[in-house]
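Just so it is clear, none of the values below were taken in a lab; they were calculated from the coordinates. None of the values given here were measured: they were computed from a predicted structure. Neighbour counts run over all protein chains shown; Cβ positions are idealised from the backbone, glycine included.
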Amino acid sequence: MAAPRTHREKEIRRHLWIYGAITPYVVIAVFPIYWMVITAFKQDPDLYRMDQFPLWFHLAPTWKNFTYLFYSTNYGAWIINTMVIAAWVAVITLITAVPAGYALARLRIPGSENLGIAVFMTYLVPAIILFLPLSRVVSMFDLQDSWWSLVLVYPTVTIPFCTWLLMGFFKTVPAEMEEAARVDGCGYLGALLRVVLPVSVPGILTAVIFAFTLSMQDFLYGLAFVAPGDQKPVTVGVPTELIRGDVYYWGSLMAAALMVGLPVAIVYNFFLDRFIQGITGGVGK
Amino acid sequence: MTVRSSSGGPDATSARVAAISVASRARSSGWLRSQSSRRLGFGYLLLAPAVLYVLLLVGVPFLFSLYLSLSDANVGDPVASFVGLENFRAALQSDVFYTSLRNSVVFTLVAAVFKGLLGTTLAFLLLQPFWGRKLVRGLVVIPFTLPISISVLSWKWMYDSQFSVINWFLSRMGLIGTYGSPDWPVWLGQPGWAIAACIIVNVWRTFPFSAIVLLAGFTSVPNEILDAARVDGTSFMQRFRHVVVPMIAPILLIGFLFDTVFTLSDLSIVYLLTQGGPANATKILPVLAYQVGIQSGALGRGAAISLFLFPLLLPLMILLLRNLKRREY
């Protein structure tokens, strides 16, 4: 082939190279999700055979796996549990992390820099070290076997992370605004409520999203603290209750996984950069 | 939105400027110092709920787990007695503990190598400007954004002993025989394949994270600095070596440490794929701690096992702490 002459030809060539190189990564990343989708819509006789191309339908697609979940399992209850748990976690997180983030960023508390890092470090104390003592705490509050136990423990993950995130966010709000408000006769609380919070809505919304997505990333706490089938969050109910003994109903399992996983993945996708900024200490802040 | 005098327009701006200058003059004349006790009181009041929550539900439980590990606490029995280091001694004398410790370390190290390789190459590709880059980026990060217990299920199905889609491809490519032949890998049933299967899921889940952290690092290097270095007559390699690498190293280290802490302490992949089997081939410390502490109800034993993770995690966390502090300035 002749050497590319025009700029356009060069660009096309460069794109072909990049697409060729990046396709394997995309395939590896997406294939398990594709496999979920195709399995969820297949009829059983289409699923359990090895003589045909497995990545496409050979019998008509079906909704049966989805309806089965809602009619014959606790799936609906798990989804509701998860949403209610996440909503409570978000409320607790906001009530605690917004003021704390603001105080650390703005009120010039001695050692606030170290205090902020100390709070963030607790985010890194893994659940595996805390779950046994927390199981005692949970039974102390008489919350074992109820999803309220998770409302109690999930904020141990979300508060440190969101405090850190909001601390970075409040630092970007111009200090002049508050000072002007205070000169206008607002107290500290007035300045916070009337000036800082209204311009911080994007940061606060981000914290809410993380309260939801970080709650959905848990498996251990839900597994260890909540035994009754109808009390589980969906991320624990699906892998523990839908698999019974040695029989796997892969069609409905994948349908269940898909309906939870896809929305979370899409929402999280939009906030991933904020997450990375958060953990790397505010890159590009 | 902030201070707006009733007349609006240019007057509002001048009012604000006046207000700001008053504020800054006030600061220099000690206005703030006279307010400082009130400010601090308000600050501590705002901090209290978060700090208390974290102290009571992370700090106290952590100390409590130290206490548990020194007791014979059981799930059914509220009264526990002090047994000294008995739980640690018992762990150190059991073979399954050493197997788990070794598996944990191997798992974490091997996974780190592969996610590092995949993540770095992916990051370099994503650095290039090309049409559809945003979409590609959105697709490749999906593994990291899916709830972990959900995506593991898809892998469990892909590793099915008889209907594995991976084996279907391998078989069609002629790399393995058909179902039942001796070279047909039973992914979750054979010790070597089982640990590989668990590592693959971890790598799949976290290589996008490595790539995104690396990208964040690259984009944090200001172009002005690179331009300045270029004007100074440096070569590409010199700029990479003396400007880019030192600037992104702390971010990379933070990402690496963060990931290691989570990989080392994650139970869900192994628990859902193999429960530590076959014959403890995939048993890692988190799974062992869960099985001993919750499933057999020996809280004290379980706490002791999970605390063995702490000396592995502590140096990582200290490194992380030092890096975070450095990045603040």
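For the segment B:126-136, counting C-beta atoms of other chains within 10 Å of every residue's C-beta and taking the mean gives 3.
I need the helices of chain A that pass two filters: whole DSSP H segments spanning 27 Å or more by Cα along the axis, and mean Kyte-Doolittle score no lower than 1.6.
Answer set is empty.
Take peptide A:86-98, look around each residue's Cβ out to 10 angstrom, count Cβ atoms belonging to other protein chains, and average those counts. If you can, show how the numbers build up before the last one.
Numbers: counts 0, 0, 0, 0, 0, 0, 3, 2, 0, 3, 9, 3, 3.
Counting other chains' Cβ atoms within 10 Å and averaging over A:86-98 gives 2.
With the simple model of a label 7 Å out from the Cα in the direction of the Cβ, residue A:140 to residue A:184 spans 4.6 nm.
Region A:150-168 and region A:63-82 have Cα centres separated by 30 Å.
For region A:1-101, applying the loop criterion from DSSP together with a ceiling of 13 other beta carbons within 10 Å to the trypsin sites (Lys or Arg not before Pro) yields A:5, A:49.
The mean number of Cβ atoms from other chains found within 10 Å of a Cβ in peptide A:28-39 is 6, as a whole number.
Estimated from the Cβ-Cβ distance and a Förster radius of 30 angstrom, the FRET efficiency linking residue A:63 and residue A:241 is about 0.90. Taking 18 Å as the straight-line reach from the Cα of residue B:115, the aspartates and glutamates in range (excluding those fewer than 8 positions away in the same chain) are B:259, B:266. Distance between the modelled labels on residue A:91 and residue A:10, one decimal in nanometres: 6.1 nm (7 Å Cα→Cβ projection).
For residue B:94 and residue B:74, the FRET efficiency from 1/(1 + (r/R0)^6), where r spans their Cβ atoms and R0 equals 25 Å, is about 0.85.
For residue B:186 and residue B:37, the FRET efficiency from 1/(1 + (r/R0)^6), where r spans their Cβ atoms and R0 equals 56 Å, is about 0.20. Each 10 Å bin from zero holds the following percent of Cα-Cα pairs in region B:86-327: 7, 24, 29, 22, 13, 5, 1.
Just to be sure I understand the rule: take each whole DSSP H helix in chain B, project its Cα atoms onto its long axis, keep it if the span is 20 Å or more and its mean Kyte-Doolittle hydropathy is at least 0.0. Which ones pass? Please list the in-between numbers first.
Working: long enough: B:9-28 (30 Å, 0.04); B:31-54 (34 Å, 0.51); B:95-127 (47 Å, 1.40); B:191-219 (42 Å, 1.45); B:245-265 (29 Å, 1.90); B:309-327 (27 Å, 1.02).
Sorted by number, the helices that extend far enough and score high enough are B:9-28, B:31-54, B:95-127, B:191-219, B:245-265, B:309-327.
Which order do the peptides A:153-166, B:156-169, B:197-210, A:22-35 take when ranked by the mean count of other beta-carbon atoms within 10 Å per residue, highest first? Could the numbers behind the result be given before it?
Values: A:153-166: 26.6, B:156-169: 18.8, B:197-210: 24.5, A:22-35: 17.3.
Highest mean packing first, the order is A:153-166, B:197-210, B:156-169, A:22-35.
With N as its number of residues, the protein assembly as shown has a Cα radius of gyration that, divided by 2.2 N^0.38 Å, comes to 1.07.
Please list the three semi-axes, largest first and in whole Å, of the ellipsoid equivalent to chain A, using sqrt of 5 times the eigenvalues of its alpha carbon gyration tensor. Intermediate results must be reported in sequence, preceding the final value.
Working: eigenvalues 338, 206, 49 Å².
Taking √(5λ) for each eigenvalue gives 41, 32, 16 Å, largest first.
Sorting the segments B:271-277, A:262-268 by their mean number of nearby beta carbons within 10 angstrom, highest to lowest, gives B:271-277, A:262-268. The distance linking region B:77-140 with region B:185-243 is 17 Å (Cα centroid to Cα centroid, whole angstrom). Taking 7 Å steps out from each Cα toward its Cβ at residue B:81 and residue B:240 produces label points 6.7 nm apart. Annotation: the residues B:36, B:71, sorted from fewest to most other C-beta atoms within 10 Å of their own C-beta, follow the order B:36, B:71.
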